[in-house]
Structures are given as C-alpha cells and as structure tokens.
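Undergrad: Here it is, the structure, as structure tokens.
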Amino acid sequence: MAEKILLTGGAGYIGSHTYVALLAASYEVTILDNFQNANRSVIDRLEQLTGQPVSFAEADIRDATTLAGLFAEYQFDAVVHFAALKAVSESVERPLDYFDVNISGLINLLRVMDAAGCRNIVFSSSATVYGVPDETPTPETAEFRAMNPYGQTKISGEQILNQLTAADDRWNVGILRYFNPAGAHDSALIGEDPRDIPNNLMPFIAKVAAGELEELQVFGDDYDTPDGTGVRDYIHVDDLAKGHVLSLAALLGDGQSHLVNLGTGEGHSVLEMVSAYKRASNRDVPYRITERRAGDVPVYVARADKAEEILGFKTERNLDEMCASSWKWIAGPHSSEDPGPEEKG
Ligand code: NAD
Ligand code: UFG
C-alpha cells in the first residue's frame with residue numbers, strides 16, 4: 001500500500017515541486033498550508049499538472065487540534081515539513097513571528113506526530129546555518145553560526161530534532177540543508193511566485209528580464225571571488241524535490257536519520273547569473289553595481305558528496321536549465337496571477 005505523507009507548506013515554492021516528485025514516486029500526499037506565502041491557485045495547477053485531485057487542508061501548523069484531526073483521519077507514515085517563514089530581513093524586524101512559526105510551529109507538529117505514533121520527518125534546513133563559513137565548499141561538519149533570527153530558527157529546529165532522536169530512537173529525522181533553489185517545473189504551471197519585489201537574485205533577474213523591474217542592483221563587486229560579486233550554489237528546484245523523495249525513502253526504508261547538504265558543489269557569481277539569464281531569455285538584464293548588502297555572505301557552495309554517499313543524491317540540471325525553466329514560468333500565464341489581497345500575506 002502507498003505510504004501516506006503530510007506535506008506542510010506544500011503550496012509554496014519548494015513544497016509544490018516536491019508534491020509532484022512525491023506523486024511520481026507513488027506516495028499518497030496531503031498538503032497542509034495556510035497560504036501565508038502562497039497563491040490558492042497552486043492547488044488547481046497541481047491538479048492540472050498531475051491529473052489527480054489534490055488532498056489538501058487549509059490550516060496553520062500551530063493549530064494542534066486541526067493537525068491531530070488530520071493525523072487521525074489519514075494515518076500519515078511521515079511528514080515533509082516545509083512550512084516556515086523565510087525572509088531574512090523580515091526576521092530581523094519581526095523575530096518573534098519567526099520564532100513562533102518556525103520553532104513553536106515545529107514543536108507543535110512534533111508533539112502531534114508523537115501522540116499519533118508518526119515519527120518520521122524530513123526537515124527543511126538551509127545553508128544559512130553556516131553563517132560565514134570558514135571553509136568552502138562547506139561540509140556538514142562546519143559549525144553553526146546564526147547571522148539573523150531566521151538562521152537561528154533553522155539552527156534551533158535542527159537542534160530540537162537532534163535532541164529528540166537522541167532521547168527516543170523511534171524518531172527518524174532527515175535534515176536537508178538547501179543551498180540556493182532556482183528554476184521552475186518544466187510545465188510552467190508552478191514556480192517561485194514573484195509578485196512582490198523579490199529579495200532573492202533569481203526572481204529579481206527574472207522580473208528585470210521581463211521588463212517589470214528596471215534594473216538589477218548587484219550588491220558589491222569587491223568580494224574575494226573571481227569577479228568580485230557574491231557566489232552561490234544554485235540548485236534546480238526539481239533536483240531539490242528529488243532529494244526529498246530520497247530522504248523519505250531512507251527514513252521509511254532502513255530508518256536511518258541523516259543530515260546532508262543539498263547543492264551541486266558548484267558556485268556561480270551574480271554576474272554569471274546575469275549572463276546565463278540573458279542567454280536563456282534572449283532579453284537584456286540591465287544592472288548597476290551598488291554597495292554590499294548588510295549581512296551578506298561572500299560565498300556559499302556545498303560540499304555535496306555526503307548526500308550522494310548516503311542518499312544516492314546527484315543533481316541533473318545545470319544553470320542554463322534553471323534559467324530556461326524560470327523564464328518559461330515568468331513569461332507564462334500563471335506567474336503573475338493575483339489572488340486578491342487577503343490571499344497573500
Ligand atoms: P515558501 O514561502 O514558498 O513556502 C512555505 C509555505 O509554507 C508557503 O506556502 C506558506 O504559505 C506556508 N506557511 C507559512 N507559514 C505557515 C503556517 N504557520 N502554517 C501553515 N503553512 C505555512 O518557501 P520555500 O522557498 O518553498 O521554502 C520552503 C522551506 O525551505 C522553508 O522552511 C524555508 O525556510 C526553507 N528554505 C528555503 C530556501 C529558499 O531559498 N527558498 C533556502 C533554504 C531553506
Ligand atoms: N544579490 C544581488 N542583487 C539582488 C539580490 C541578490 O546582487 O537584488 C546577490 C546577493 O548579494 C548574493 C546573491 O545575489 O551574492 C544571492 O542572493 P540571494 O538573496 O538570492 O540568496 P542568499 O544566498 O543571500 O540567501 C538565500 C536565502 C536564505 C538562505 C540562503 C541559503 O534568502 O534564506 O539563500 O544559501 F539561507
């Protein structure tokens with residue numbers, strides 16, 4: 001019988017792509033999302049993409065009663081936990097909201113899981129737990145360094161999960177530290193929703209290429225990198241989604257907890273990203289070099305061998321494919337759908 005998975009935050013960017021990958025791997029999936037940062041039409045588009053109705057609950061991960069009801073109804077075998085707030089600058093302004101959703105929300109979920117006897121969880125962590133790392137490519141053994149409240153919530157989430165598995169070996173936990181997700185599903189039905197002015201590089205470049213924003217500000221060209229601009233390990237969101245399928249298979253198969261980076265092991269600078277996007281979109285991407293962004297890390301590149309060794313994870317999609325799929329999504333009909341003010345926070 002197909003194993004049943006609860007996908008919190010499944011209407012979001014990475015969650016929606018992971019939903020498609022989990023269905024392709026024959027899991028039975030229920031999405032839980034409160035649409036704090038997602039468009040309701042994602043659910044219809046997932047139905048269109050997969051040709052199946054989506055099992056879906058509109059709820060908040062901090063709502064224990066609703067969560068317990070879902071566990072009683074569906075008897076989940078595992079949870080893939082994406083639901084979180086993720087804007088770094090907002091976390092500096094409103095730290096309590098971040099602690100509440102990302103930490104209290106996680107604890108609430110774990111309590112409900114424990115009571116329901118479901119003790120398998122895949123947790124979305126981030127390269128941000130490394131702060132400014134001493135070593136690049138950065139191995140999983142690098143120390144925790146919180147740069148902001150958001151980063152602190154990911155460190156705390158990992159520590160909570162590690163202490164839980166140490167206290168009770170019935171828990172199986174997969175901690176996945178994502179580097180920089182980019183691109184969209186090839187169907188152009190789902191992607192990163194870029195309606196607000198984006199903070200992140202790829203959606204910002206996409207909007208400049210589409211003519212919706214005038215120019216990209218390149219935050220500093222005096223870093224100790226080949227062209228002086230910031231370097232990141234961009235990973236295609238569909239590769240990232242497959243990492244979750246492998247992580248779940250490991251937890252539900254031999255019950256082995258694991259902690260891995262999910263990245264390609266290759267870095268690209270801001271200016272390389274601009275060139276790649278210009279090639280993919282055949283549009284100009286005007287840019288201007290400005291001051292460094294406060295709190296920015298010069299280089300984030302993953303040591304990617306542990307995920308391959310433990311999970312058999314290997315990325316398949318290159319930078320050109322990330323840019324081409326992003327452009328297909330941005331230029332398509334769905335990326336700028338407006339759900340109305342009450343539907344997106
Ligand atoms: P996203 O905002 O697109 O998705 C998160 C989803 O969670 C959204 O659909 C949102 O509506 C939902 N959500 C938020 N608060 C909720 C709550 N209280 N109850 C129920 N649902 C709630 O973000 P994403 O980029 O898909 O990120 C998914 C996860 O990956 C997050 O945990 C994020 O911190 C982590 N992560 C993201 C990146 C990145 O660059 N995108 C990098 C590293 C880690
Ligand atoms: N950048 C610009 N101009 C922009 C936006 C970004 O030059 O308008 C540069 C940044 O300075 C950086 C690079 O592009 O050098 C990537 O920046 P992003 O904001 O896209 O990504 P970050 O790596 O800074 O942060 C993201 C998430 C974090 C997460 C981290 C993991 O926002 O939450 O990836 O690597 F922790």
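Undergrad: Which ones in segment 15-70 are more than 25 Å from Leu251 (Cα to Cα), among the basic types (Lys, Arg) and in contact with an Asp or Glu (Cβ under 8 Å, 6 or more places away or on another chain)?
TA: Hit for segment 15-70 is Arg40, nothing else.
Undergrad: From Leu251, Leu259, Leu311, which residue is within 24 Å of Tyr13 (Cα to Cα) and in contact with a Leu (Cβ under 7 Å, 6 or more places away or on another chain)?
TA: On the way: Leu251 fails: in contact with a Leu (Cβ under 7 Å, 6 or more places away or on another chain); Leu259 fails: in contact with a Leu (Cβ under 7 Å, 6 or more places away or on another chain).
Just one listed residue meets the conditions, Leu311.
Per-residue answers, yes or no, for (1) of a type in the set (A, V, I, L, M, F, W, C); (2) within 20 Å of the chain's Cα centre (by Cα):
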position	(1), (2)
Ser16	no, yes
Gln48	no, no
Val54	yes, no
Asp63	no, no
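Residue-wise test of (1) within 15 Å of ligand 1 (Cβ to nearest atom); (2) surrounded by fewer than 21 Cβ atoms within 10 Å (Cβ to Cβ); (3) basic (Lys, Arg); (4) closer than 30 Å to Cys323 by Cα.
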{"position": "Asn108", "(1), (2), (3), (4)": "yes, yes, no, no"}
{"position": "Asp114", "(1), (2), (3), (4)": "no, yes, no, no"}
{"position": "Thr128", "(1), (2), (3), (4)": "yes, no, no, yes"}
{"position": "Asp168", "(1), (2), (3), (4)": "no, yes, no, no"}
{"position": "Ile190", "(1), (2), (3), (4)": "yes, no, no, yes"}
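Undergrad: Would you mind finding the one in Ser275, Ser269, Ser257 that is at pLDDT 95 or above, of a type in the set (Ser, Thr, Tyr) and touching a helix residue (DSSP H, G or I) at 6+ places or on another chain (Cβ under 8 Å)? First the steps, then the outcome.
TA: Working: Ser275 fails: touching a helix residue (DSSP H, G or I) at 6+ places or on another chain (Cβ under 8 Å); Ser269 fails: touching a helix residue (DSSP H, G or I) at 6+ places or on another chain (Cβ under 8 Å).
From the options Ser275, Ser269, Ser257, the qualifying one is Ser257.
Undergrad: Can I ask one more? Out of Ile31, Ile14, report the one residue that is in contact (Cβ under 8 Å) with a residue 12 or more places away in the chain, of a type in the set (Val, Ile, Thr) and away from ligand 2 (no atom under 16 Å from the Cβ). First the steps, then the outcome.
TA: Working: Ile14 fails: away from ligand 2 (no atom under 16 Å from the Cβ).
Exactly one residue qualifies, and that residue is Ile31.
Undergrad: May I pose another question? Find the residue count for segment 84-97, including only residues that are within 11 Å of ligand 1 (Cβ to nearest atom) and either over 16 Å from the mean Cα position of the chain (by Cα) or without any contact (Cβ under 8 Å) to a residue 12 or more places away in the chain (or both). It would help to see each step written out before you state the result.
TA: From segment 84-97, those within 11 Å of ligand 1 (Cβ to nearest atom) are 84-88, 91, 97; that's our starting set.
This time we only want the ones that are either over 16 Å from the mean Cα position of the chain (by Cα) or without any contact (Cβ under 8 Å) to a residue 12 or more places away in the chain (or both), so: 91, 97.
The qualifying residues number 2.
Undergrad: When only residues in segment 219-242 that are more than 8 Å from ligand 2 (Cβ to nearest atom) and among the small types (Gly, Ala, Ser) count, which is surrounded by the most Cβ atoms within 10 Å (Cβ to Cβ)?
TA: Ala241
Undergrad: Further question on the same structure: Is it the case that Ile310 is among the aliphatic types (A, V, I, L, M), more than 16 Å from ligand 1 (Cβ to nearest atom), modelled with pLDDT of 95 or more and farther than 30 Å from Thr165 by Cβ? Steps first, please.
TA: Values: among the aliphatic types (A, V, I, L, M): yes; more than 16 Å from ligand 1 (Cβ to nearest atom): yes; modelled with pLDDT of 95 or more: yes; farther than 30 Å from Thr165 by Cβ: no.
The answer is no for Ile310.
Undergrad: Identify the single condition in (1) away from ligand 2 (no atom under 15 Å from the Cβ); (2) at pLDDT below 95; (3) among the small types (Gly, Ala, Ser) that Ser104 does not satisfy, given that it satisfies every other one.
TA: Here Ser104 clears every test but (2).
Undergrad: Continuing with this model, one more query. Can you confirm whether segment 245-263 contains a residue that is part of a loop (DSSP other than H, G, I, E, B), within 10 Å of ligand 2 (Cβ to nearest atom) and in contact with a Gly (Cβ under 7 Å, 6 or more places away or on another chain)? Quick ask: steps written out before the conclusion?
TA: Our first condition is that a residue be part of a loop (DSSP other than H, G, I, E, B); within segment 245-263, this holds for 254-257, 263.
From what is left, the residues that are within 10 Å of ligand 2 (Cβ to nearest atom) are 263.
Adding the requirement that they be in contact with a Gly (Cβ under 7 Å, 6 or more places away or on another chain) leaves none.
No: zero hits.
The values are calculated or read from the model by the stated rules, or taken from the named source; none is laboratory data. Quick caveat, the model's predicted, so the values are computed rather than measured. Counting neighbours? That spans all protein chains shown, and the Cβs are built from the backbone with ideal geometry, glycine included.
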